[in-house]
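Contents: one structure, followed by commentary.
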Amino acid sequence: MNSEDRQIAVTSPDESSDFTGGNRVRLTGGGPLRALALGLVAVGVLASAAVVTLKLGEKAVPTMTMTSTALDPTNASPIVVTATPSEPISGFVAADIQVVNATLSNFVTAGAAYTFNLNPTSNGTVSATIAAGQFASRSSSEQNAVPITFTREFDNVRPTPNLTSTSAAVTNATIPVRMNMGEIGIGFDPAADFSLVNCTVANVRRTILVYNFDVDPIADGLVSVSVPAGRYTDQAGNLNLVSNTLSRTVDTVAPTAVLSSASPNFVSGAIGV
C-alpha cells in the first residue's frame, strides 16, 4: 500500500492553523480535522504547538495469485491456470505472461479472473511469470509491484518396474527378489498385483523405490514373477509399464545313483560296473 500523509500544526485552541511546505495543509474555521486536533489539545493529549501527522488514505497496490487443479508433479497437458487479481484491474493481456518450457494458449477472462493454458514443451519445470508493472488497479491506477510466478513439474514418462534376483538359474530354495519401481509408486498391492506362475510371494518389505520379497515355489519346474502394466502410478499420475519376467527353474529332487554291470550273475573274478 502507498500511504499519503497530511500534517496538522496546532498553535492554540482559538487560532486557525496557517502553515506551508511539504504535505502540510491549511485548516480554517471549524473543520473536523482542526476540531479533532484542538480537542486533543484541550484534554492535554497534545501540546498547543504540536504537529500532528494524520494518515488520510492508502492507495492499494494490486496483486495476483495463480492456481491450478493440476498436481505437482503432473502429467496434465495442457495445465489450466487461473489468475485471480486482488481487485479489479486493467491492462492485463496474454503478452504480459512470460512462460518457460511451455507455450501459452486460450487466454480468456472468466468473471473477475483470467484463465489460460500452459502447454508443456518437454519434461521438467514449467513456469509462468507476470513481471512487475504489467497491470494496474482500476481504482487507484497503482501497478503491481512484484513479479508473480506459477510452476509445475511436468512428467509424462511411465515408470517401468524391474525385477532382479541373486538366485541361481536352477535352484532348490526360496528365491529372493528385488523390484525397483522406477519412480516413487502409488497404489501397488503386493498381495494382488504380481503375476505369478508356480509360486507365491512372502516376506514383502518396501523402501521408497524398492520392494524386496521372497518367491516360494509351489512345485518343481519353471517359476516366474512379473508386474503387469497399469498396477500403480508415479506421483504425476502415469501408469506403470509391464516389467520384465523373472524366471528360475526349481529342482528339489535329490539325485540317485543306479548301478549296473554287464557281468553275468555268477562270476569267479572281478565284476565290471
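The values are calculated or read from the model by the stated rules, or taken from the named source; none is laboratory data. Predicted, not measured: the structure shown is a model, and the values here were computed from it. Glycine gets a Cβ as well: all are built from the backbone with ideal geometry, and neighbour counts include every protein chain shown.
Quick check, is residue 136 touching a strand residue (DSSP E or B) at 6+ places or on another chain (Cβ under 8 Å), buried (at least 16 other Cβ atoms within 10 Å of the Cβ) and touching a residue at least 60 places away in the same chain (Cβ under 8 Å)?
Against the criterion (touching a strand residue (DSSP E or B) at 6+ places or on another chain (Cβ under 8 Å), buried (at least 16 other Cβ atoms within 10 Å of the Cβ) and touching a residue at least 60 places away in the same chain (Cβ under 8 Å)), residue 136 qualifies.
Could you give me the residue pairs with C-beta distances under 6 Å whose first residue belongs to segment 106-122 and is loosely packed, with under 11 Cβ neighbours inside 10 Å, whose second residue is in a strand (DSSP E or B) and modelled with pLDDT of 95 or more wherever it lies, and which are 6+ apart or on separate chains?
Once the first residue is loosely packed, with under 11 Cβ neighbours inside 10 Å and sits in segment 106-122, its partners that are in a strand (DSSP E or B) and modelled with pLDDT of 95 or more give 108/115.
Quick test of your reading of the structure: residue 213 fulfils all but one of (1) of a type in the set (Phe, Trp, Tyr); (2) under 27 Å from the mean Cα position of the chain (by Cα); (3) in a strand (DSSP E or B). Name the failing condition by number.
Condition (2) is where residue 213 drops out.
Does segment 217-226 include one or more residues that are closer than 30 Å to residue 71 by Cα and of a type in the set (Val, Ile, Thr)?
So far as segment 217-226 goes, no, none of its residues is closer than 30 Å to residue 71 by Cα and of a type in the set (Val, Ile, Thr).
With the requirement that a residue be acidic (Asp, Glu) and without any contact (Cβ under 8 Å) to a residue 40 or more places away in the chain, what does segment 57-105 give you?
Of everything in segment 57-105, just one residue is acidic (Asp, Glu) and without any contact (Cβ under 8 Å) to a residue 40 or more places away in the chain, namely 96.
Taking segment 92-102 on its own, how many of its residues are surrounded by 14 or more Cβ atoms within 10 Å (Cβ to Cβ) and outside any strand (DSSP E or B)?
3
Looking at 111, 57, which one is modelled with pLDDT under 70 and among the small types (Gly, Ala, Ser)?
57
Would you mind finding the one in 229, 236, 202, 173 that is of a type outside the set (Ser, Thr, Tyr), farther than 30 Å from residue 124 by Cα and in a loop (DSSP other than H, G, I, E, B)?
Among 229, 236, 202, 173, only 173 is of a type outside the set (Ser, Thr, Tyr), farther than 30 Å from residue 124 by Cα and in a loop (DSSP other than H, G, I, E, B).
Of the residues in segment 120-147, how many are within 12 Å of residue 62 (Cα to Cα), polar (S, T, N, Q) and assigned to a loop (DSSP other than H, G, I, E, B)?
Looking only at that region, the number is 5.
Quick one: in segment 74-91, of everything that is surrounded by fewer than 20 Cβ atoms within 10 Å (Cβ to Cβ) and within 17 Å of the chain's Cα centre (by Cα), which residue is nearest to residue 136 (Cα to Cα)?
This residue is 82.
Filter segment 103-118 down to residues that are of a type outside the set (A, V, I, L, M, F, W, C) and assigned to a strand (DSSP E or B) and give me whichever is farthest from residue 153 (Cα to Cα).
Ranking the candidates gives 109 first.
Of the residues that make up segment 188-198, is at least one over 28 Å from residue 75 (Cβ atoms), hydrophobic (A, V, I, L, M, F, W, C), in contact with an Asp or Glu (Cβ under 7 Å, 6 or more places away or on another chain) and surrounded by 13 or more Cβ atoms within 10 Å (Cβ to Cβ)?
Looking for residues that are over 28 Å from residue 75 (Cβ atoms), hydrophobic (A, V, I, L, M, F, W, C), in contact with an Asp or Glu (Cβ under 7 Å, 6 or more places away or on another chain) and surrounded by 13 or more Cβ atoms within 10 Å (Cβ to Cβ), one finds none in segment 188-198, hence no.
Determine whether segment 77-87 contains at least one residue that is within 30 Å of residue 186 (Cβ to Cβ), touching a helix residue (DSSP H, G or I) at 6+ places or on another chain (Cβ under 7 Å) and among the hydrophobic types (A, V, I, L, M, F, W, C).
no
Count, please, the residues in segment 217-226 that happen to be surrounded by fewer than 17 Cβ atoms within 10 Å (Cβ to Cβ) and in a strand (DSSP E or B).
Adding up the residues that qualify gives 3.
Hey, could you check segment 163-177 for residues that are loosely packed, with under 15 Cβ neighbours inside 10 Å and in contact (Cβ under 8 Å) with a residue 12 or more places away in the chain and say which is nearest to the chain's Cα centre (by Cα)?
164
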